[in-house]
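Inspection log for the structure reproduced underneath, given as structure tokens.
Only the coordinates and a few stated rules stand behind these numbers; no lab work does. Predicted, not measured: the structure shown is a model, and the values here were computed from it. Here the Cβ is made from the backbone with ideal geometry for all residues, glycine too, and neighbour counts use every protein chain on show.
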Amino acid sequence: MGYLNAYSYNLIIVTNDNNFLKLAEVKGFPPKVVLLKTGNQRNNFIEEILIKHKSDIDLLNQSDEYGFLEIF
């Protein structure tokens, strides 16, 4: 699903690609972006880090003031 589809459906993009963050800075949100600054990792590591940061992601989803979150 591309950026425009995510925009239409008010979704959150989870990625390790800085280009989505740059696009969000230019176009605004939605969609909101979670940028993983973890490098390439196994799926179970990504799952664990997303669960660990669930409350931060929930705050991002509820916010009208900001549209991206970086997770290290």
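Using helices alone, what [θ] at 222 nm do you get for the chain, with -39,500 (n - 2.57) per DSSP H run of 4 or more residues, divided over all residues and rounded to the nearest 500?
Working: 4 runs with 36 residues, N = 72.
Only helices count here, giving -14000 deg cm²/dmol.
Just order 19-26, 52-59 by mean Cβ neighbour count inside 10 Å, highest at the front, would you? Don't jump to the answer; show the numbers that get you there.
Details: 19-26: 14.1, 52-59: 12.1.
Put in order of decreasing packing, that is 19-26, 52-59.
Hey, can you rank 39-45, 64-70 by average C-beta count inside 10 Å, highest first?
Details: 39-45: 9.1, 64-70: 12.3.
My ranking of the peptides, most packed first, is 64-70, 39-45.
For the chain, give the magnitude of the charge dipole about the Cα centre (Cβ charges: +1 Lys/Arg, -1 Asp/Glu; no others), in debye to the nearest 20. Write out the running numbers ahead of the final one.
Details: 7 positive and 9 negative charges, 39 e Å.
So the dipole magnitude of the chain works out to roughly 180 debye.
Along the charge dipole of the chain, Cβ charges K/R +1 and D/E -1, which of T15, I49, F68 sits furthest on the positive end?
The listed residue farthest towards the positive side: T15.
Normalised by the residues of the range 3-71, what does the relative contact order come to in percent, with Cα pairs under 8 Å and at least six apart?
Working: 82 pairs, mean separation 23.9, N = 69.
In percent, rounded to a whole number, it is 35.
Please list, or write none, the lysines whose alpha carbon is within less than 18 Å of the alpha carbon of K54, excluding same-chain residues fewer than 8 places away.
By straight Cα distance, K54 reaches K32, K37.
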